[in-house]
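Below is one structure, written out as structure tokens, with a few remarks after it.
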Amino acid sequence: MDEIRPNSGAQAHGLVPLFPPGLQAIYGECRRLYPDQANPLQVTAIVKYWLGGPDPLDYISMYRNMGCAAQDVQEHWHYVSFGLSDLYGDNRVHEFTGTDGPSGFGFELTFRLKREAGETAPPTWPAELMQGLARYVFQSENTFCSGDHVSWHSPLDNSESRIQHMLLTEDPQMHPIQTPFGTVSFLQIVGVCAEELQASQQWNGQGILELMRGIKVAGGPWLITDMRRGETIFEIDPHLQQERVDQGIETEGSNLSGVSAKCVWDDLSRPPDDEEDSRSICIGSQPRRLSNKDTEQIRETLRKGLEFNSKAALPPISSQKQNHDRAQSRKDSLESESSAAIVPHELVRTRQLESVHLKFNQESGTLLPLCLRGRLLHGRHFTYKSINGDTAITFVSTGVEGAFATEEHPYAAHGPWLQILLTEEFVEQMLGDLHELGSRDESKLPKEYSWPEKKLKISILPDSVFDNPLQ
């Protein structure tokens with residue numbers, strides 16, 4: 001467990017600093033913002049991660065921020081993590097690779113929480129939230145970047161709040177710093193409602209964050225989280241959905257290129273007893289392993305939008321920082337987003353399939369319209385990566401280069417990785433047939449959709465099917 005203690009005040013008295021240079025660099029940025037709070041309260045891991053403890057963050061400092069009257073920013077608590085970057089430089093936690101690249105994972109987390117009337121000390125639950133996110137990063141090696149979203153599916157403070165998910169953005173006050181062990185940026189956690197999360201998935205996180213900056217009760221310019229907020233930005237201003245979000249999806253598409261999901265696929269082209277080529281991935285079977293090259297390719301495809309729950313097993317996928325300056329193009333490329341092109345592994349041949357059956361749980365199924373409308377109709381691709389194994393399903397449009405699925409052979413598998421190429425005409429047909437997937441009423445499961453002429457079948461199944469595959 002963590003404990004709360006005041007920060008050491010040695011540096012405030014002009015003494016030679018006794019703590020490591022990476023730690024000192026972050027403290028320096030904090031002191032720039034809070035020169036009068038040399039000894040903030042801290043939540044500290046009793047047993048450090050590098051000594052076998054469960055919490056990757058050595059410390060979380062908690063500051064009282066007075067806001068900014070000129071920008072109509074309210075008073076709040078400001079939390080800063082220490083541990084996602086390299087604090088020590090001696091390889092005890094992070095491998096030291098030089099000063100030119102990122103320090104550790106290259107970022108620390110921050111969080112701004114509205115200060116309630118009468119509060120004299122900051123609540124400590126945000127520290128455990130930040131530890132939870134840090135554990136995900138350490139276990140999965142997925143790094144975050146601005147605009148990413150986190151599906152948490154639970155009130156962030158374990159209350160009855162509607163704030164149950166998170167977006168990430170640059171901290172408005174803390175500047176990126178250069179430490180002796182590399183660069184560190186500061187990513188701020190922003191609490192959001194389910195409807196705001198869904199809009200960020202369908203459009204993009206940065207767009208929703210910009211809308212929230214314009215509404216004081218939803219965060220304002222500094223995106224301060226208010227756990228008592230009872231209305232979404234779309235309830236506060238009903239015009240935002242149609243005039244900003246829907247229009248943005250129509251003109252720009254979605255930035256979400258993939259999610260971790262509960263999914264499987266079956267090859268219906270061959271009988272079940274054909275061990276060589278039949279049903280390469282099916283419930284209850286032992287899946288084939290992805291090659292290193294394929295794994296790296298899917299890592300790049302999934303560099304944004306990984307969804308996870310704090311109670312779920314976390315997938316071992318690495319996410320890479322997105323180049324937000326890349327020009328948007330109608331012609332997307334799987335190959336351009338990877339350090340290596342898609343070249344079939346010499347020991348695992350690519351197979352063309354005649355008929356496939358896709359199976360998704362309820363949450364994954366609700367993202368199918370986003371996949372089709374927000375990605376494929378804009379010449380892009382979308383990947384579902386199973387949280388229960390190496391299974392991956394990538395939908396590609398005819399404008400995507402580097403795919404091994406083609407118009408002649410639209411269903412192709414490379415080990416447990418399935419690619420499905422859909423023409424624009426078929427995408428429009430599927431959108432019409434899948435319009436009801438916006439409903440999350442599990443009492444109506446299972447749902448079956450079939451396109452016999454295309455030899456494609458999709459099933460939306462209860463979570464229990466994926467959680468207990470042998471039942």
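The values are calculated or read from the model by the stated rules, or taken from the named source; none is laboratory data. Note that the structure is predicted; figures quoted are calculated from it, not measured. As a convention, Cβ positions derive from the backbone with ideal geometry for all residues, glycine included, and neighbour counts pool all protein chains shown. Heavy atoms of the whole protein, side chains included, go into the accessibility calculation; ligands, DNA and RNA do not. Shrake-Rupley method; radii C 1.70, N 1.55, O 1.52, S 1.80 Å.
Just a few scattered comments:
- Any hit, the stretch 156-178, residues being of a type in the set (Lys, Arg), within 21 Å of the chain's Cα centre (by Cα) and within 24 Å of Asp226 (Cα to Cα): yes
- Beta carbons closer than 6 Å, at least 6 apart along the sequence or on distinct chains, never pair a first residue in the stretch 126-151 that is in contact (Cβ under 8 Å) with a residue 40 or more places away in the chain and among the charged types (D, E, K, R) with a second that is open to solvent by less than 10 Å² (accessible area, probe 1.4 Å) and assigned to a helix (DSSP H, G or I).
- Residue match in the stretch 140-148 (condition: over 18 Å from Arg115 (Cα atoms), assigned by the TED database to the domain that holds Gln247 and out of contact with any strand residue (DSSP E or B) (no Cβ under 9 Å at 6 or more places or on another chain)): no
- Strands (runs of 3 or more DSSP E) within the stretch 372-471 that include 2 or more residues closer than 17 Å to Ser257 by Cβ: 381-386, 392-397, 417-422
- Positions within the stretch 17-71 being touching a helix residue (DSSP H, G or I) at 6+ places or on another chain (Cβ under 9 Å), open to solvent by 20 Å² or more (accessible area, probe 1.4 Å) and in a strand (DSSP E or B), in sequence order: Tyr59
- Some residue of the stretch 78-87 being in contact (Cβ under 8 Å) with a residue 60 or more places away in the chain and on the phi > 0 side of the Ramachandran plot: no
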